[in-house]
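Right, one structure below, let's go through it.
The values are calculated or read from the model by the stated rules, or taken from the named source; none is laboratory data. All figures in this text were calculated on a predicted structure; none of them were measured in a lab. Heads up, the Cβs are rebuilt from the backbone with ideal geometry, glycines too, and the neighbour counts pull from every protein chain shown. Accessible surface areas use protein heavy atoms only, side chains included; no ligands, DNA or RNA. Shrake-Rupley method; radii C 1.70, N 1.55, O 1.52, S 1.80 Å.
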Amino acid sequence: MECACGKKAVYKGQGGALCQTHFLDSVEKKVERTIHEYGLIKKGDTVCVAASGGKDSLVVLFLVNNYCSSHDIPLFALAVDEGIEGYREHTLTDLKTFCEKGKIALHVVSFKESYGKTLDEIHEKALKQFNKKPCTVCGVFRRTSLNRKAKELGATKLITGHNLDDESQSFLMNVLLGNMSHNASLGPVTGLSDNESFVPRVKPLYFVTEKETRLYCFLKGFKIDFAECPNVHLSFRSRVRDWLNQMESEFPGVKNSVVNAFLSILPDLKSKYKGKKEFKTCERCGDPCSGDVCNACKLEEQLS
Amino acid sequence: MKVYLERTGKEVELRATDGRDLLKQLKIPEAEAILVRNNEVVLPDEALRETDDIHILSVVSGG
Ligand code: SF4
Ligand SMILES: [Zn+2]
Ligand SMILES: [Zn+2]
């Protein structure tokens with residue numbers, strides 16, 4: 001199969017077959033278009049890229065770093081070390097090497113430091129005593145750690161590596177679990193933009209699939225040590241992901257359709273659910289929350 | 001042909017006419033795999049040879 005330019009194709013997507021040069025180009029253009037169209041990064045921003053060393057984070061870090069360098073916008077990378085043995089140390093090593101090569105400042109914040117325990121240490125108690133899956137704890141603590149550290153370091157935007165796969169999964173998960181209101185906080189720009197305690201989170205890879213980021217890494221020669229979190233199989237997300245990938249293989253384009261369907265109702269979701277929630281301030285940490293104490297502080301207390 | 005699976009770290013010996021056939025036998029959805037031969041990408045409809053060494057890169061993220 002050949003690209004329109006006559007060279008051998010390395011990728012076949014909805015836009016047809018693409019050679020190496022035109023594939024790389026298509027991903028870069030898509031990301032730049034997303035940044036502009038949704039105003040993800042602007043002059044005057046200080047950009048923090050949440051990075052794990054996995055493929056999505058390396059691609060987003062590479063592309064956003066290029067973008068910021070050419071637009072004279074300061075940037076640094078921030079990683080969270082959850083403390084998951086046999087997994088995170090691998091991806092963090094890859095990330096450190098990558099940042100050294102690209103001369104990108106890297107900060108690391110760990111659960112151990114912030115909460116006194118690693119995820120491995122919390123895991124059992126959370127599951128047995130509180131019936132909380134590791135991913136639930138991990139997600140809440142990671143989000144909070146990233147936000148606090150990014151803010152402390154002066155960031156005005158928090159860039160994440162969320163891709164089209166992640167977004168289509170999240171939307172469907174919320175539908176399947178009956179959490180429709182949660183969908184109001186998905187989209188290319190999330191976080192409570194009107195609440196200054198939260199650094200707005202933006203997703204430049206919003207329209208890029210997981211397959212595209214993996215291929216991008218391969219063609220660019222980014223070293224990624226394939227590692228899978230030992231807890232991933234316990235998650236509802238992995239079930240939805242497997243199903244979506246089966247569907248996508250049989251009916252190419254379904255993931256795109258899911259995200260486009262979501263985007264078409266996002267304004268309605270926002271107006272329906274926005275303002276319903278009133279924000280108070282967490283008694284313990286001062287973060288915005290819906291009750292008196294935020295989720296992270298509640299979890300921290302339960303698990304201490 | 002020898003097939004190396006990145007996700008599991010396993011190596012298997014198989015016969016397959018093309019990439020699509022190979023993935024079907026391994027029950028891996030096309031959306032989750034990238035096939036590589038001699039450090040070059042092979043698309044699912046490309047023919048494979050008995051003497052090929054194929055690497056299957058995993059597309060899903062680790063968590
Ligand atoms: S799979 Fe779950 S536990 Fe592992 S890193 Fe992801 S969210 Fe955390
Ligand atoms: Zn081309
Ligand atoms: Zn709190």
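Remarks
- Members of the range A:8-42 found to be among the hydrophobic types (A, V, I, L, M, F, W, C) and within 9 Å of ligand 2 (Cβ to nearest atom), listed by number: A:Ala9, A:Ala17, A:Leu18, A:Cys19, A:Phe23
- Evaluated against (1) more than 13 Å from every other protein chain (Cβ to nearest Cβ); (2) without any contact (Cβ under 8 Å) to a residue 12 or more places away in the chain, A:Glu248 falls short on exactly one condition, (1).
- Wholly within chain B, strands (runs of 3 or more DSSP E) carrying at least 1 residues that are within 14 Å of chain A (Cβ to nearest Cβ): B:2-5, B:33-37, B:40-42, B:53-58
- When each of A:Val254, A:Val293, A:Val232 is tested for being modelled with pLDDT of 95 or more and either within 30 Å of A:Glu152 (Cβ to Cβ) or of a type in the set (A, V, I, L, M) (or both), the lone residue that passes is A:Val254.
- Any hit, the range A:221-234, residues being part of a loop (DSSP other than H, G, I, E, B), among the hydrophobic types (A, V, I, L, M, F, W, C), more than 8 Å from chain B (Cβ to nearest Cβ) and within 30 Å of A:His123 (Cα to Cα): yes
- Of all residues in the range A:1-26, those being surrounded by 14 or more Cβ atoms within 10 Å (Cβ to Cβ) and assigned to a loop (DSSP other than H, G, I, E, B) number 6.
- Looking only at the range A:140-168, and only at residues there that are among the acidic types (Asp, Glu) and open to solvent by 10 Å² or more (accessible area, probe 1.4 Å), the one that is farthest from ligand 1 (Cβ to nearest atom): A:Glu152
- Every pair of residues 6+ apart whose Cβ atoms lie under 6 Å, when the first sits in the range A:227-242 and is open to solvent by 80 Å² or more (accessible area, probe 1.4 Å) while the second is more than 8 Å from ligand 1 (Cβ to nearest atom) and assigned to a helix (DSSP H, G or I): A:Arg237/A:Gln169
- Residue tally, condition under 26 Å from A:Lys112 (Cα atoms) and basic (Lys, Arg), over the range A:43-83: 1
- Complete set of residues in the range A:47-95 that are within 16 Å of ligand 1 (Cβ to nearest atom), away from chain B (no Cβ under 12 Å) and acidic (Asp, Glu): A:Asp81, A:Glu85, A:Glu89
- Counted residues, the range A:114-139 - those being in contact with a Ser or Thr (Cβ under 6 Å, 6 or more places away or on another chain) and either open to solvent by 70 Å² or more (accessible area, probe 1.4 Å) or more than 13 Å from chain B (Cβ to nearest Cβ) (or both): 1
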